Amino acid sequence: MVVVLQLQRAGAVGIAMGTRFMMTEESPVPKKNQEAYLNAKTRILRSENSMALPHRLIFNDFIKKRVYNSINFIIFYVTKVST
């Protein structure tokens, strides 16, 4: 919350917190998907240029074939999804 207040003071008018809201009980995301993020034994990737907002992805065959090898997609590794 402190970061949000600091951003507001700096002039921000909105924030993107998709992963945090995705993991709430009220989220429309299926429980199966939430559990996949919580129980991921593989790397969680964070994209920086997908639709102008960062996204977190579970590294799997689909991501490896379709996204990871794409020259237009920059991925930064993170060790754990923060909740």
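Counting 0.36 nm for each residue step from Ala16 to Ala36 and taking away their Cα separation leaves a gain of 5.1 nm. Can you compute the label reach from Phe62? Point 7 Å from Cα along the Cβ direction, backbone N cut-off under 18 Å, restricted to the range 1-43. Within reach of a label on Phe62: 19, 22-23, 28-43.
Rule-based calculations on the coordinates, nothing more; no lab input. The structure displayed is predicted, hence computed values, not measured ones. Backbone-built Cβ (ideal geometry, glycine too); neighbour counts: all protein chains shown.
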